[in-house]
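What follows is a set of notes on a single structure, which appears directly below.
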Amino acid sequence: MKIKLTPQEIIEQEFSVKIKGFDKEEVKNFLIQVAEILENQIQEKESYRKEIDRLKETMAKLEKREEILRDTLVSAQKFSNEIKSNAQKEAELIIKEGEVKSEEIIGGAISRRKDLKEEIRNLKFKRREIETDLVNMLNSLKELIESYRRDDEEFDKVEYIGK
């Protein structure tokens, strides 16, 4: 069983007097010293208790800060991962769009090439027709000229005979 004594109780403590007992003054001085020591220890204990309370409060604040920092770090990591993921998706989308566009361009070029080949083939065909028409026309003109020459020769013969 623990008895709680205050310094004041120690100082006010009275002892019964007996024959050949202790010197009252000496006991009183001793009790005052014990009371002072006890008072110092109580004040020290109270000071330690206040310091412990202050440290607990500081520790609670630090733990709260740590929790906030940890949450912030987790949030930042999630945000970073989201940014990275979004950037990856965007890059993939850009690549796919580029591939589609390049396929369209290549398809357009192939189609244009095919159209140009067809146009060149048609132009060659028309050129051959024109060449053939020109050759035929030239042949016709040649025949006409030869016919005129023959007619001139016959006319000259007729004129010669008629002279």
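Read-outs throughout are calculated quantities, based only on the coordinates presented, and are distinct from any laboratory measurement. Because the structure is predicted, anything quoted here is derived from the model rather than measured. So basically every Cβ, Gly included, is an ideal-geometry build from the backbone, and we count neighbours across all protein chains shown.
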_Principal-axis tilt of helix 24-161 within the chain, Cα atoms, nearest 10 degrees_ = 0 degrees
*For Met137 paired with Lys45, estimate the spin-label separation in nm (one decimal), with each label point 7 Å from Cα along the Cα-to-Cβ line.*
13.3 nm
*According to the square roots a ≥ b ≥ c of the eigenvalues of the Cα gyration tensor, what is the shape class of the range 95-140, taking rounded for a/c under 1.5, prolate for a/b larger than b/c otherwise, and oblate for the remainder?*
prolate
*Give or take rounding to whole Å, what are the principal axis extents of the alpha carbon atoms in the chain, in descending order?*
208, 28, 14
_Please report the spacing between the Cα centers of the range 124-139 and the range 37-108 in Å, no decimals._
85 Å
_Net charge over other residues, Cβ less than 15 angstrom from the Cβ of Lys96 (K, R count +1; D, E count -1)_ = -4
*Within a Cβ distance under 11 Å of Gln77, other residues only, what is the Lys/Arg minus Asp/Glu net charge?*
+1
